[in-house]
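Asks: Following this message is one structure expressed as structure tokens.
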Amino acid sequence: WWDERVSARFRRNLQPTLTYWSVFFSFGLCIAFLGPTLLDLRCQTQSSLSQITWVFFSQQFCLLLGSCLGGVFKRTLSQSLFALFASSLAISLVFAIIPLCHNVVVLAVVMAVAGLAMGCIDTISNMQLVKIYQKDSAVFLQALHFFVGFGALLSPLIADPFLSDTNCILSNSTANASSNLPHIRKSLVPHHPGNLSHYDLPMKGMVVTRVSYAFWIMALINLPVPIAVFFLLYKERMVPCFNGSSHPLLSADELAMEARPVDKDELSPPLQRPHTAGGHDDLFSCCQSQNFRGASYTYFAVHVTGALVLFMTDGIVGEYSGFVYSYAVEEPLAVVHKVAGYLPSLFWGFITLGRLISIPVSYRMKPATMVFINVVGVLITFLLLLIFSSSVVFLFVGTASLGLFLSSTFPSMLAYTEDILQYKGCATTVLVTGAGIGEMVLQLLVGSIIHDQGSYSFLVCGMIFGCLAFTFYTFLVFFHRMYPKPSPELDEASPDKAAVPGDTGQYQR
């Protein structure tokens, strides 16, 4: 279902591509386990509910920080691979160490390390796939984000048999603690610990929990990932004992520019520097003043509007998965707790299914078209959820629909924005950072609004965020049309020429 050129390019880069996909599986495995296991971790650390939920914040904040810093390791392939090796190995170590954390502060520090590792994985894996495939990267980015969804589905399934059915701190102080446990488990919302303060659970007593086995199983499942990265380092002769040398990580158009006479490169006008200079820096390098010289306003506008679209759409993913259960159990729907507990699983299940479907679809459909379908679909779904707000059946249908439309937004937007910028600038770093900020900020915002205005505001907020995402996408399309096309002199060095049969398509160091 794809042409021989792309198939041959994939075969030439099979090992690095599979390695980056497997590393993103580690990312998904680590991002989804904390919610269902948090009550058992509360027992393990003998902390209050409000204290233990701040572990969410330490992970998410450091994930955002790691995403910003991930571009630091982009200069050479060896730096990128060693960063991925250290990050994936750190995730296995975190899984193994968590059962030994009997203090909530120590647990928060360990989860902060996991967040840093996840942020590096997020930025570097997206960046490297874009560098390898460039104009053909959309389908491979869709597959990359399928693996994070697969990991996010697998870790709660691994943890579920080992979760406590009753309160895991044996105490006589709260007789009804065990009856509240299933409801509390489903209503845990990241970054908004105040909504659990009215639940009274014992903090002292005998700890009875088997959740340690789940973490050790996940550590073993994740262990092949750093091994795969190590084998890629070995293949590229970058393991120190082989005296391998690291070379600058150049994109295909930079390699083409190197093959041209030097005087043409030196005579290129200053206004073209943003397009001919290497990009994909870390966020702090992107903000340096020399990167702004001679750049048109559309150069910045594409970065900003692309990041704002993902700020809204990833924010919707975070706030919807976090609060849909709380919305369902409140009036007027008043869904029973057990049934409402299926909604977040349904949402994430259809996100994973949508990412799987998007792999073949993205090869036949342009990224811009896919993003348009996604944001319009999100907008229409929220509109129908508002219209049929009293229907439990449509809440389930709308949740599945929303998961499908949101599933491919991030990889499609990344491929579209990189295509506009001719694979220069800082699109990957800026978009990953914008998505991470949106997921954290919008959950805090929606949690506060629901607390003050009631559960119906949950859908109103989603509708507003969907409208803003569509508006920012419209601006992005406008700036795309205004963005200067590459000059004929640079046409041979453009990414459009990077995928011709004459191009080696090899893994570039």
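The values are calculated or read from the model by the stated rules, or taken from the named source; none is laboratory data. Just so we're clear, the structure is a prediction, and the values are computed from it rather than from any experiment. Note that we place each Cβ from the backbone using ideal geometry, even for glycine, and neighbour counts take in every protein chain shown. Ligands, DNA and RNA are stripped out before the accessible areas are found, and what is left, the full protein with its side chains, is counted by its heavy atoms. Shrake-Rupley method; radii C 1.70, N 1.55, O 1.52, S 1.80 Å.
Asks: Select from the range 293-352 the residues that are assigned to a helix (DSSP H, G or I) and of a type in the set (D, E, K, R) and write down the one among them that is surrounded by the fewest Cβ atoms within 10 Å (Cβ to Cβ).
Replies: Among those residues, the one meeting the criterion is Lys338.
Asks: Kindly indicate the residue of the range 393-422 that is open to solvent by less than 10 Å² (accessible area, probe 1.4 Å) and part of a loop (DSSP other than H, G, I, E, B) and also modelled with the lowest pLDDT among those meeting that condition.
Replies: Only one residue fits best here, namely Leu421.
Asks: Quick one: would you say Ile357 is farther than 30 Å from Phe33 by Cβ, modelled with pLDDT of 90 or more and β-branched (Val, Ile, Thr)?
Replies: Spelling it out, it is not the case that Ile357 is farther than 30 Å from Phe33 by Cβ, modelled with pLDDT of 90 or more and β-branched (Val, Ile, Thr).
Asks: Could you list all residues from the range 48-66 that are open to solvent by less than 10 Å² (accessible area, probe 1.4 Å) and modelled with pLDDT of 85 or more?
Replies: Hits for the range 48-66 are Val55, Gln59, Gly66.
Asks: A follow-up question, please. Based on what the data block shows, is Gly434 assigned by the TED database to the domain that holds Phe472, in a helix (DSSP H, G or I) and either under 20 Å from the mean Cα position of the chain (by Cα) or among the aliphatic types (A, V, I, L, M) (or both)?
Replies: yes
Asks: Take the conditions open to solvent by 40 Å² or more (accessible area, probe 1.4 Å) and not in a helix (DSSP H, G or I) and apply them to Ser390. Does it pass?
Replies: The answer is yes for Ser390.
Asks: Return the residue satisfying two criteria in turn: it lies in the range 8-41 and is within 15 Å of the chain's Cα centre (by Cα) and among the polar types (S, T, N, Q), and of such residues it is surrounded by the most Cβ atoms within 10 Å (Cβ to Cβ).
Replies: The residue in question is Ser26.
Asks: Does Ser289 meet the test of being of a type in the set (Gly, Ala, Ser), modelled with pLDDT under 90 and under 21 Å from the mean Cα position of the chain (by Cα)?
Replies: Judged against the criteria, Ser289 is not a match.
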